Amino acid sequence: MPSPAAWLAGCRVEDVREWADRDRVLAYEHPYGFMVVRLAQAFAPGWQIRMHLWPPKAVQEERMRMNGTHLQQVHAHGWHLWSRVLLGVLDEAGYTAFDEPGSPLAAYSVSSDYGRGSSRLRMERDGVTVQEDRRLRRMPGGEPYLIPAGRLHASFSATESWSVSLVATELAGNVPSTVIAPRSLGSASANERGKARDLPVLWSLLDGVANT
């Protein structure tokens, strides 16, 4: 079997359109405003494959404000993640964290339910600040890129168009992730996942590419 990077590199939008079971789809809206669709097929052993549908930049920002997550976007996964943009444009920023007594930010560990549910935040360290140390624009035709476990980053829509990325996440068990968030959340908090309202948009985008 190919590595997740090699597998992603060979994927086309037409392939993704065929894999998605439109009658039995496991999808939800992430607290960061994009939609996650998990694919049932095991394409790469040890990795779970999913599609991310990203709304236009202004829409994503408004959804995060409504969800109360617009100040929680800097995060690190507890597992490795490979991604490749199939449609649209995404921006990927990397960050370094520093101790700063008196900072309004804190580092929270995050435990999530599989599928639609919630992400539970628990404060681990307060007095934290972050500094952006890189920014890369991700577009169709580019190579798959790795976001290593523990790497602080933020991913977001770069334009006022919809975007689709194909993602492989390492099946590393229930390993907590990290979120940098306002310490005003307190010692514990939760972010709820929403209903997948954008499925018709995804099907329309995939069908549109297949029919051109």
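The values are calculated or read from the model by the stated rules, or taken from the named source; none is laboratory data. Keep in mind that what you see is a predicted model, and the values were worked out from it rather than measured. Methodologically, a virtual Cβ is constructed for each residue, glycine included, from the backbone with ideal geometry; neighbour enumeration extends over all protein chains shown. These area figures cover heavy atoms from the full protein model, side chains too; ligands, DNA and RNA do not enter into them. Shrake-Rupley method; radii C 1.70, N 1.55, O 1.52, S 1.80 Å.
Taking 0.36 nm per intervening residue step and subtracting the Cα-Cα distance, what contour gain separates SER112 from GLN41 on full extension?
23.4 nm
Summarise the accessible area of the stretch 5-136 (1.4 Å probe, protein heavy atoms) by the percent that is carbon and sulfur.
The nonpolar share, carbon plus sulfur, comes to 51 percent.
Report, to the nearest 10°, how far helix 57-67 tilts away from the longest principal axis of the Cα atoms in the chain, using its own Cα long axis and a range of 0 to 90°.
Approximately 50 degrees, to the nearest 10.
Mind listing which GluC sites (Glu not before Pro) in the stretch 77-174 are in a DSSP loop and have 13 or fewer other Cβ atoms within 10 Å?
Here the GluC sites (Glu not before Pro) that fit, given the DSSP loop and packing criteria, are GLU160.
What are the extents of the Cα atoms of the stretch 4-211 along their three principal axes, in Å, largest first?
56, 34, 31
Against the longest principal axis of the chain, how steep is helix 199-210, in degrees 0 to 90 to the nearest 10, with axes from Cα atoms?
Once rounded, the angle reads 40 degrees.
Between THR159 and VAL209, with labels modelled 7 Å along Cα→Cβ, what's the label distance in nm to one decimal, could you check?
Output for this residue pair reads 1.4 nm.
Mind jotting down the distance between the C-alpha centroids of the stretch 55-80 and the stretch 141-178, whole Å?
The stretch 141-178 and the stretch 55-80 have Cα centres separated by 12 Å.
With labels modelled as points extended 7 Å from the Cα through the Cβ direction, what inter-label distance (nm, one decimal) is found for LEU136 paired with SER184?
According to this spin-label approximation, the distance is 3.4 nm.
What percent does the relative contact order of the chain come to when contacts are Cα pairs within less than 8 Å and at least six residues apart?
Relative contact order here is 33 percent.
Where the convex hull is taken over the Cα atoms of the stretch 94-212, what is its projected area averaged over directions, in nm²?
The orientation-averaged projected area of the Cα hull of the stretch 94-212 comes to 9.5 nm².
Using amide H atoms built in the peptide plane, which far-off residues or other-chain residues are under 5 Å from LEU26 H to H?
Hits under the 5 Å cutoff: ARG38.
Suppose all protein chains stay in the model; what accessible area per residue would a 1.4 Å probe give for the chain, in Å²?
Heavy-atom accessible area per residue stands at 47 Å².
At q = 0.26 Å⁻¹, work out log10 I(q)/I(0) for the stretch 64-107 with the Debye formula, treating every Cα as an identical point scatterer and leaving solvent out; two decimals please.
Computed log10 I(q)/I(0) values: -1.20.
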